[in-house]
Amino acid sequence: MQGINSEIIAGLAVFLLGLLFFIAGLFNSVWATIFIVDYLIMAIGLATIGVGVWTAMYDRKHRLHQSEHHH
């Protein structure tokens, strides 16, 4: 699995943490006061996943070019 890198895994973990906080806010009024922060945490997780996908595509494309230059 070369399409999965550490940025994707970290982004998924941050997104799931924000999702758990959001779900906790549905059941607890104290947690419900920070819904904006929950959305921010999930957005940071999605952005990190996006960076991970972009890095994986970039590395895959440039790895082919590097292998051609080996003598």
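The values are calculated or read from the model by the stated rules, or taken from the named source; none is laboratory data. The model shown is predicted, which means the values in this text are computed figures rather than measured ones. For neighbour counting, all protein chains shown are included, and Cβ atoms are generated from backbone atoms with ideal geometry for every residue, glycine included.
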Legend entry - Some residue of region 7-25 being at pLDDT below 95, part of a helix (DSSP H, G or I), surrounded by fewer than 12 Cβ atoms within 10 Å (Cβ to Cβ) and not acidic (Asp, Glu): no
Inset, instruction - Please specify each residue of region 55-70 satisfying the condition of being part of a helix (DSSP H, G or I) and either modelled with pLDDT under 70 or touching a His at 6+ places or on another chain (Cβ under 9 Å) (or both). - result: Leu64, His65, Gln66, Ser67, Glu68
